[in-house]
1. With label points built 7 Å along Cα→Cβ from the Cα atoms of N135 and R15, find their separation and express it in nm.
2. What are the chymotrypsin sites (Phe, Trp or Tyr not before Pro) within the range 89-145 that DSSP puts in a loop, where the Cβ has at most 16 other Cβ atoms within 10 Å?
3. If you place +1 on the Cβ of every Lys and Arg, -1 on the Cβ of every Asp and Glu, and leave all else neutral, what size is the dipole of the range 23-165 about its Cα centre, to the nearest 20 Debye?
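Read-outs throughout are calculated quantities, based only on the coordinates presented, and are distinct from any laboratory measurement. Please read all numbers here as calculations on a predicted model, not as lab measurements. Cβ: placed from backbone, ideal geometry, glycine included. Neighbour counts: every protein chain shown.
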Amino acid sequence: MNWTEKAETLYIPGREPCRLPLCVSATLEFIGEILFEAIWALVQVLGEVLLQTFGEMIAEIIGYGMRETFRRPKPLMPWQATIGYLAWGAIFGAISLWLFHGHFIQSQWLRLVNLFLTPVIAGLIMAKIGSWRRNRDQEPIRLDSFSYGFSFAFGMALVRYLWAK
């Protein structure tokens, strides 16, 4: 009896059972696949975050540049502004669908997580921009806050979640 006959058998789900000396490479391949899938999921989520943050930055630049044009004697109520930013986010979401037809995220459960995670990240980024503007004695616009940044990004994420292919 030689050493290969004495070797233990290793069972990996979805793979053929194999003897241990041969299974080391199969095990490393299996671990490599898991790591690749985890990294790929992270890249997909990052793509959605970057797309929505980019859309929000464009809206912020436009809004900051045109703030005097839309200045009202009596400012909008916060709930009206929230609805407005949700609508603008939905419009930017539709434009992003025209440019990028499909989801960046392939997994259905990651898309659902992204629906809430990305607006939180975008809201935090916008709050940081608002803080940066205040520190430089610039007047921030409403979008430069967490709540309105979240509203805009949620409108965009919802449109992409519902209608991307």
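1. 4.9 nm
2. Working: sites: F92, W98, F100, F104, W109, F116, W132; in loops: F100, F104.
Here the chymotrypsin sites (Phe, Trp or Tyr not before Pro) that fit, given the DSSP loop and packing criteria, are F100.
3. Numbers: 12 positive and 10 negative charges, 149 e Å.
So the dipole magnitude of the range 23-165 works out to roughly 720 debye.
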